[in-house]
Amino acid sequence: MPAATFLTWAWIPIVVFAALAQTARNAAQRSLVAQAGTMGATLARFLYGLPFAAAWVLALHATPSAAVGIPYFTPNYFAWLMLGAVSQIAATAFMLAAMKQRNFVVGVAFSKTDAVQVALFGALFLHELPGWMTMLAIALATVGVIILSLPQKAGAALAGDARAWTGRAAWYGLASGAGFAFSAIGYRGAALALPDATPWLAGAWGVLWAQAGQSLMLGGWLAWRDRAALRALVVAWRVSMVAGSMGAAASIAWFTSFALTSAANVRTLGIVEVVFSLVVAHRFMKERLTRGEKIGLGLVVLGLLVLCLQFN
């Protein structure tokens with residue numbers, strides 16, 4: 001198979017792997033929240049993921065295909081990369097703020113608009129305009145994931161409260177979605193700023209630099225405001241290592257995907273993580289899907305199929 005043909009669809013299984021690894025990472029992080037808080041658990045994925053990211057970079061450079069050496073990193077590259085890194089942390093902070101609001105369900109729902117925002121910002125800043133099939137896929141998957149994010153009773157109660165959909169929780173949710181969108185745009189822009197590097201090297205170096213910066217920023221903030229969280233991460237090092245290794249695996253796959261295709265494609269297919277999380281939750285809790293969840297799940301799957309079929 002020609003290399004060009006392979007690269008046109010290789011990002012699809014890579015994104016699916018990223019979503020699976022992220023599901024495992026989230027499970028490990030949830031067990032850390034009670035000990036280190038949400039920000040401490042977030043730091044674990046960056047800080048404990050660094051050794052794995054560094055090992056991946058070294059492994060790639062040890063292969064004959066990487067004989068080109070270390071890529072040339074320009075200021076433009078680091079500007080895009082730091083945009084992604086800072087936006088990712090900001091998105092988490094806005095999500096936390098949304099969840100502290102009375103109508104937090106609305107905030108969570110609005111945060112799921114990140115795929116739509118990625119398409120918009122990608123067209124504005126990277127000049128990557130999605131085709132009509134991609135836009136249809138984004139619309140279907142986004143509506144589906146919003147339905148899934150609304151618990152049935154809460155959704156019914158909020159449907160008649162127009163103020164809940166324009167309040168502070170909604171704005172925090174939109175800001176969180178924008179943060180995740182700009183994170184994807186930043187990482188995609190960084191990959192495009194390394195035209196001479198293979199997608200695998202661009203992804204590996206992107207993860208290493210981004211997680212190093214995020215560890216310094218978030219670690220410094222916690223050292224100033226919440227040293228107990230740092231101590232908790234040292235005590236819970238085993239779980240932190242699981243979160244870090246799975247987080248590094250997921251991030252490497254995400255970054256590699258951003259080097260292979262547009263941010264809109266990656267973030268839209270990345271919604272498959274919601275499907276994995278739902279399946280895992282219902283598998284272990286032995287719960288049956290509600291009618292609303294079936295509709296939402298069907299829309300998500302239909303959207304992802306529309307996205308993938310155009311690359312056949």
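Miscellaneous remarks
- Seen through its C-alpha gyration tensor, with square-root eigenvalues sorted a ≥ b ≥ c, the range 246-311 comes out oblate because a/c lies at 1.5 or above while a/b is not bigger than b/c.
- Relative exposure of THR8, THR38, THR74, judged by other C-beta atoms within 10 Å (fewest first): THR74, THR8, THR38
- On the beta carbon distance between VAL33 and MET217, with R0 = 22 Å, the FRET formula returns roughly 0.65.
- Assuming charge only on the beta carbon of Lys and Arg (+1) and of Asp and Glu (-1), the dipole of the range 3-309 about its Cα centre is about 1020 debye to the nearest 20.
- Cα gyration tensor shape for the chain, rounded if a/c is under 1.5, else prolate or oblate: oblate
- Computed helical MRE - 222 nm, the chain, DSSP H runs ≥ 4 contributing -39500 (n - 2.57), nearest 500: -27000 deg cm²/dmol
Every number here is computed from the coordinates shown, using simple stated rules; none is lab data. Keep in mind that what you see is a predicted model, and the values were worked out from it rather than measured. As a convention, Cβ positions derive from the backbone with ideal geometry for all residues, glycine included, and neighbour counts pool all protein chains shown.
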